[in-house]
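Visitor: Right, I'll just put the structure down here and ask away after.
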Amino acid sequence: MPSQPLHSAPKHGSTSPQVIVHADSQAASACVAREISDLIRERARQGQMAVLGLATGSTPLQLYHELIRLHRQEGLSFSNVITFNLDEYCGLFAEHPQSYRHFMQENLFRHIAIPAEQTFVPDGTLAADALPAYCERWETHIASTGGIDLQVLGIGRTGHIGFNEPGSAIDSTTRMIQLDPLTRLDARAHFPDEQSVPLYAVTMGIKTILQARKIRLLAWGEAKAHIVAKALTEAISPALPASFLRQHRNTAFHLDKAAAAYIPEALCQP
Ligand code: F6R
């Protein structure tokens, strides 16, 4: 069972975002995994699909481990699940070890018996002139499934969600974007050298993300503390893409204590 969160409170009397500070990232991940498994099981009982929006990177790894555990030990079936990933690096084929498709296969999909045709990760290998039509089809495809029930997010040190870097508009949809130098610096360790870090990515837009019925942002560690606090307290603006989450009706920030370090007490009090 996940441990009880330390604090959980709506912000300033509004319903969103909820800020939930957990004892640690493991407890936070277990809490979100439980919410996802409840959603999947409820939809299965109704004979319906559950549609998940998924993220890559280090943040959701414990969440994915927990979903794998629920599949193996508690019989959670993913046969009624459709997944859409937020983003993919431009120029990397699905088999590339640093592609986000590869990441998802290795860290989740191949362990949970989800039908391959129900998992979608943007294609980063299309020519620039083919991308706009592809991105439009991606949006239509999400809508045709009934829309994303629950979107998992991490947050970048630039304040990006997905790869919506500073400058991303609230009505932005799936598109190609140039990665911020700080984002490329943070990705550097996963590539052999600086030149190999992609310059561009395909990302769902802010609007795409805000259309999800529920959004669950995860953040761990002191490296995320400043940007998490800014997202919750500074002006809502394209300069700080994660701040747009404050305009969504059902968003929760699940944090460990280090990532919550600079959030004003008032936002986290029971
Ligand atoms: C990844 C994504 C990004 C990451 C963010 C945090 O699909 O959309 O927004 O969530 O860059 O990355 P980590 O978790 O590696 O700190």
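The values are calculated or read from the model by the stated rules, or taken from the named source; none is laboratory data. Predicted model, so just to flag it, every value in this text is computed and none were measured. Here the Cβ positions follow ideal geometry from the backbone for every residue, glycine too, while neighbour counts run over all protein chains shown.
Visitor: What pairs come out if I take residues in the range 60-74 that are touching a residue at least 60 places away in the same chain (Cβ under 8 Å) and pair them with residues that are of a type outside the set (A, V, I, L, M, F, W, C) and in a loop (DSSP other than H, G, I, E, B) whose C-beta lies under 9 Å away, six or more apart or interchain?
Guide: Final answer for the pair search is Pro60/Gly154.
Visitor: Still on this structure, I have one more. List every residue pair whose Cβ atoms sit under 7 Å apart, with the two residues 6 or more apart in sequence or on different chains, where the first one lies in the range 238-256 and is under 17 Å from Met204 (Cα atoms) and in a loop (DSSP other than H, G, I, E, B) and the second, anywhere, is of a type in the set (Val, Ile, Thr) and at pLDDT 95 or above.
Guide: Within 7 Å, the pairs are His248/Ile215.
Visitor: Condition first: aliphatic (A, V, I, L, M) and within 15 Å of the chain's Cα centre (by Cα). Now tell me which residues in the range 121-163 satisfy that.
Guide: The answer is Val121, Ile148, Leu150, Val152, Leu153, Ile155, Ile161.
Visitor: Against the condition under 20 Å from Ile36 (Cβ atoms), among the charged types (D, E, K, R) and out of contact with any helix residue (DSSP H, G or I) (no Cβ under 8 Å at 6 or more places or on another chain), how does Arg110 come out, does it pass?
Guide: For Arg110, the condition - under 20 Å from Ile36 (Cβ atoms), among the charged types (D, E, K, R) and out of contact with any helix residue (DSSP H, G or I) (no Cβ under 8 Å at 6 or more places or on another chain) - is met.
Table: residues versus (1) out of contact with any Phe, Trp or Tyr (no Cβ under 8 Å at 6 or more places or on another chain); (2) surrounded by fewer than 18 Cβ atoms within 10 Å (Cβ to Cβ).
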site: His141; (1), (2): no, yes
site: Gly154; (1), (2): yes, no
site: Gln178; (1), (2): no, yes
site: Arg184; (1), (2): yes, yes
site: Gln195; (1), (2): yes, yes
site: Gly205; (1), (2): yes, no
site: Arg213; (1), (2): yes, yes
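Visitor: Could you list all residues from the range 241-261 that are more than 29 Å from His141 (Cβ to Cβ), surrounded by fewer than 23 Cβ atoms within 10 Å (Cβ to Cβ) and either within 14 Å of the ligand (Cβ to nearest atom) or of a type outside the set (Gly, Ala, Ser) (or both)?
Guide: Lys257, Ala258 - these are the residues of the range 241-261 that are more than 29 Å from His141 (Cβ to Cβ), surrounded by fewer than 23 Cβ atoms within 10 Å (Cβ to Cβ) and either within 14 Å of the ligand (Cβ to nearest atom) or of a type outside the set (Gly, Ala, Ser) (or both).
Visitor: Please list, ordered by first then second residue, the pairs with beta carbon atoms under 8 Å, 6 or more apart or interchain, first in the range 157-169 and closer than 12 Å to Ser243 by Cβ and free of Cβ contacts under 8 Å to residues at least 12 places away in the same chain, second aromatic (Phe, Trp, Tyr) and near the ligand (Cβ under 8 Å from one of its atoms).
Guide: Close Cβ pairs (under 8 Å, with a partner that is aromatic (Phe, Trp, Tyr) and near the ligand (Cβ under 8 Å from one of its atoms)) do not exist here.
Visitor: Something else now. Among the residues of the range 81-114, how many are among the charged types (D, E, K, R) and closer than 24 Å to Ala212 by Cβ?
Guide: 3
Visitor: Take the range 124-146 and flag every residue that is within 16 Å of the ligand (Cβ to nearest atom) and outside any helix (DSSP H, G or I).
Guide: Gly124
Visitor: Within 28 Å of Ala33 (Cβ to Cβ) and among the aromatic types (Phe, Trp, Tyr) - does that describe any residue in the range 175-192? Before you say what the answer is, go through the steps one by one.
Guide: Of the residues in the range 175-192, the ones within 28 Å of Ala33 (Cβ to Cβ) are 183, 186-187, 189-190.
Now restrict to residues that are among the aromatic types (Phe, Trp, Tyr): none.
So far as the range 175-192 goes, no, none of its residues is within 28 Å of Ala33 (Cβ to Cβ) and among the aromatic types (Phe, Trp, Tyr).
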